[in-house]
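**Q** Below you'll find the structure I mean.
The values are calculated or read from the model by the stated rules, or taken from the named source; none is laboratory data. Just so it is clear, the structure is predicted and the values come from calculations on it, not from any experiment. Cβ: placed from backbone, ideal geometry, glycine included. Neighbour counts: every protein chain shown. The protein model used for the area step is the full one, side chains on, heavy atoms only, and it has no ligands, DNA or RNA in it. Shrake-Rupley method; radii C 1.70, N 1.55, O 1.52, S 1.80 Å.
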Amino acid sequence: MTSPPQRVRVTRTRRPSRTPRRRTVREEIVDESRLGSTYVNSLRRAQLQLSLGTLALGVATLGALPVIFALAPAARRVSVLGLPVAWLLLGVLVYPGIVLVARWYVRATERLEAEFSDLVSRR
């Protein structure tokens with residue numbers, strides 16, 4: 001004779017009662033997870049774009065001077081107040097321009113890093 005099937009009563013599930021805690025962006029970056037790598041790569045990409053843009057601006061402006069003097073040889077002989085125009089352009093326009101571009105670049109880089117830091121601390 002067969003006995004009737006026994007009934008099983010479930011009183012507790014095996015899964016944890018709490019949902020797992022969401023990992024922060026900082027933890028993702030430290031653990032070098034896929035998401036953390038994505039965040040770091042986006043910062044690197046933004047910094048690279050800024051650097052290449054600044055470099056292109058410098059090459060376009062500073063590289064234009066030798067081209068202008070090569071295409072217009074008479075411009076090499078022009079002087080103002082006894083100084084050659086090339087020297088005046090370098091001393092009065094180029095060097096202060098480089099300082100201004102450098103200040104702008106540093107501030108833009110600091111802004112990128114501050115935005116990244118805010119993103120990491122928020123999440």
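**Q** When residues of segment 43-85 are filtered for being free of Cβ contacts under 8 Å to residues at least 60 places away in the same chain and closer than 30 Å to V120 by Cα, how many remain?
**A** The number of residues fulfilling the criteria is 9.
**Q** Could you say whether any residue in segment 57-71 is surrounded by 11 or more Cβ atoms within 10 Å (Cβ to Cβ) and in contact with a helix residue (DSSP H, G or I) (Cβ under 6 Å, 6 or more places away or on another chain)?
**A** yes
**Q** Another question about this same structure. I'd like to know if segment 96-109 contains one or more residues that are modelled with pLDDT under 90, in a helix (DSSP H, G or I) and loosely packed, with under 12 Cβ neighbours inside 10 Å.
**A** Residues of segment 96-109 that are modelled with pLDDT under 90, as a first pass: 96-97.
Now narrow it down to the ones that are in a helix (DSSP H, G or I): 96-97.
Subsequent filtering for residues that are loosely packed, with under 12 Cβ neighbours inside 10 Å retains 96.
So far as segment 96-109 goes, yes, one or more of its residues are modelled with pLDDT under 90, in a helix (DSSP H, G or I) and loosely packed, with under 12 Cβ neighbours inside 10 Å.
**Q** Between a residue in segment 94-123 that is under 15 Å from R26 (Cβ atoms) and any residue that is part of a helix (DSSP H, G or I) and open to solvent by 50 Å² or more (accessible area, probe 1.4 Å), which pairs come within a Cβ distance under 7 Å, given they are 6 or more apart or on different chains?
**A** As it stands, the answer is V120/R26, since those pairs meet every condition given.
**Q** Further, regarding this structure: Which residue out of V8, V85 is open to solvent by 80 Å² or more (accessible area, probe 1.4 Å) and either more than 21 Å from the chain's Cα centre (by Cα) or not acidic (D, E) (or both)?
**A** So the residue among V8, V85 that is open to solvent by 80 Å² or more (accessible area, probe 1.4 Å) and either more than 21 Å from the chain's Cα centre (by Cα) or not acidic (D, E) (or both) is V8.
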